[in-house]
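**Q** Okay, here's the structure, questions in a sec.
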């Protein structure tokens, strides 16, 4: 059996700056492992926009790791921005997809039994429309968000002006899949798959699940900046803290952590990563932190949240306050830490409800009512209850979110097509 895998992604190949990048890294690792475990003769090609060392999110470690992998080749493809934009707009995406398609379509598929091309996230949405069609060529689009859910993408300045153009881009990709043999959507969770069916008209027969999860076979290695020790030394003066973290997106509602912390009378910490210098939401976070006596870190070393979660000695409330989370990676990343002193609390919205059974492996609250949310959290803020909930969290993680198992099912389905 000879298998060619093409993985196309704007983040996670030579860069790492968000959740899409985290999942791309897992795709590369897990497909490499599965092919080795199943004794498949394979080749993996990685396609990403052009980066240089000054590009946003570029990561030497990620680039070198993938560049040095056996059977892996990296292609950096022009999106017309001369390396100044990696995500971009529909104009960039069209050129990126055209240039990527030229490379893939010129490849000789004759020596492979199967070819799998993964068009990962919005910039590669309509690459699927441009790739050559052969019985052996399986094309899979994996979206991680939609304009109908998130409305505005904070990675793009003035992105609200591009709503209709992006909607048409997404619809074109879905419509192509509905009508073309061997073209599918890889769904990251049940919530988002239902959204694409109900809001975009995706045929359910065109769905192959590849639900997000954690690579439990990997030993987690955290690399921390030496300057972080002072932060944890100061935080360890408290018995309990609450933390929220993520990209500075309006829908993530990270400032809710400050407001809820004030109601609970617990120190609240927000760690926010900006998409670009001067992003307007930064000033809003600063005002909210000041008004609610919160602690704000803007663009600190990438590992700060994990450092706090791993090293704080008291009780931790890890709050995921997002209004429109499709499949929050933080829930399972925190479960993967196997810490008994962390209580996972999430807004009772969207895909978060799929990941958490409230009172069993986490707590769901309605963050539109902070007083009621505080009362609900307080019920579980006991080390004995937290330990039991952490044990249940591990069971959920291993049952539903073992990404190796999920990817094996995906690959087996691809082989059957």
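**Q** Is segment 324-341 home to any residue that is touching a strand residue (DSSP E or B) at 6+ places or on another chain (Cβ under 7 Å), farther than 15 Å from residue 257 by Cβ and assigned to a strand (DSSP E or B)?
**A** The answer is no; no qualifying residue exists.
**Q** Is it the case, given these coordinates, that residue 370 is farther than 30 Å from residue 41 by Cα, in contact with a helix residue (DSSP H, G or I) (Cβ under 6 Å, 6 or more places away or on another chain) and surrounded by fewer than 22 Cβ atoms within 10 Å (Cβ to Cβ)?
**A** Details: farther than 30 Å from residue 41 by Cα: yes; in contact with a helix residue (DSSP H, G or I) (Cβ under 6 Å, 6 or more places away or on another chain): yes; surrounded by fewer than 22 Cβ atoms within 10 Å (Cβ to Cβ): yes.
Yes, satisfied.
**Q** Here is a follow-up. Consider segment 285-299. How many of its residues are crowded, with 16+ Cβ neighbours inside 10 Å and either out of contact with any helix residue (DSSP H, G or I) (no Cβ under 8 Å at 6 or more places or on another chain) or part of a helix (DSSP H, G or I) (or both)?
**A** 3
Per-residue answers, yes or no, for (1) closer than 27 Å to residue 386 by Cβ; (2) outside the structural domain of residue 324 (by TED's automatic domain parsing); (3) in a loop (DSSP other than H, G, I, E, B):
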{"position": "234", "(1), (2), (3)": "yes, no, no"}
{"position": "238", "(1), (2), (3)": "yes, no, yes"}
{"position": "243", "(1), (2), (3)": "yes, no, no"}
{"position": "257", "(1), (2), (3)": "yes, no, no"}
{"position": "263", "(1), (2), (3)": "yes, no, no"}
{"position": "269", "(1), (2), (3)": "yes, no, no"}
{"position": "272", "(1), (2), (3)": "yes, no, no"}
{"position": "275", "(1), (2), (3)": "no, no, yes"}
{"position": "279", "(1), (2), (3)": "no, no, yes"}
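**Q** For residue 344, state whether it is closer than 27 Å to residue 303 by Cβ, in a helix (DSSP H, G or I) and either in contact with a strand residue (DSSP E or B) (Cβ under 7 Å, 6 or more places away or on another chain) or at pLDDT below 95 (or both).
**A** The answer is no for residue 344.
**Q** Hey, among the residues in segment 11-37 that are outside any helix (DSSP H, G or I) and out of contact with any helix residue (DSSP H, G or I) (no Cβ under 8 Å at 6 or more places or on another chain), which one's nearest to residue 125 (Cα to Cα)?
**A** Ranking the qualifying residues of segment 11-37, first place goes to 18.
**Q** Inspect segment 272-284 for any residue being crowded, with 19+ Cβ neighbours inside 10 Å, under 22 Å from residue 374 (Cα atoms) and in contact (Cβ under 8 Å) with a residue 24 or more places away in the chain and give the result as yes or no.
**A** Within segment 272-284 (the criterion being crowded, with 19+ Cβ neighbours inside 10 Å, under 22 Å from residue 374 (Cα atoms) and in contact (Cβ under 8 Å) with a residue 24 or more places away in the chain), the answer is no, since none of the residues qualifies.
**Q** Might you check whether a residue that is part of a loop (DSSP other than H, G, I, E, B), at pLDDT below 95 and in the same structural domain as residue 167 (by TED's automatic domain parsing) occurs anywhere in segment 89-99?
**A** Scanning segment 89-99, I find at least one residue that is part of a loop (DSSP other than H, G, I, E, B), at pLDDT below 95 and in the same structural domain as residue 167 (by TED's automatic domain parsing), so the answer is yes.
**Q** Report the residue count in segment 41-54 for those that are assigned to a loop (DSSP other than H, G, I, E, B) and buried (at least 17 other Cβ atoms within 10 Å of the Cβ).
**A** 2
**Q** Being out of contact with any helix residue (DSSP H, G or I) (no Cβ under 8 Å at 6 or more places or on another chain) and buried (at least 20 other Cβ atoms within 10 Å of the Cβ) is the filter here; which residues of segment 60-90 pass it?
**A** Within segment 60-90, 86 is the sole residue that qualifies.
**Q** Given the condition in contact with a helix residue (DSSP H, G or I) (Cβ under 8 Å, 6 or more places away or on another chain), under 23 Å from residue 17 (Cα atoms) and at pLDDT below 95, answer yes or no: does some residue in segment 111-119 qualify?
**A** Within segment 111-119 (the criterion being in contact with a helix residue (DSSP H, G or I) (Cβ under 8 Å, 6 or more places away or on another chain), under 23 Å from residue 17 (Cα atoms) and at pLDDT below 95), the answer is no, since none of the residues qualifies.
**Q** Somewhere in segment 380-393, is a residue surrounded by fewer than 17 Cβ atoms within 10 Å (Cβ to Cβ), outside any helix (DSSP H, G or I), touching a helix residue (DSSP H, G or I) at 6+ places or on another chain (Cβ under 8 Å) and free of Cβ contacts under 8 Å to residues at least 40 places away in the same chain?
**A** Within segment 380-393, not a single residue is surrounded by fewer than 17 Cβ atoms within 10 Å (Cβ to Cβ), outside any helix (DSSP H, G or I), touching a helix residue (DSSP H, G or I) at 6+ places or on another chain (Cβ under 8 Å) and free of Cβ contacts under 8 Å to residues at least 40 places away in the same chain.
**Q** A follow-up question, please. Against the condition part of a loop (DSSP other than H, G, I, E, B), under 23 Å from residue 59 (Cβ atoms) and more than 22 Å from the chain's Cα centre (by Cα), how does residue 226 come out, does it pass?
**A** Judged against the criteria, residue 226 is a match.
The values are calculated or read from the model by the stated rules, or taken from the named source; none is laboratory data. All of these numbers come straight from a predicted model, not from anything done at the bench. Note that we place each Cβ from the backbone using ideal geometry, even for glycine, and neighbour counts take in every protein chain shown.
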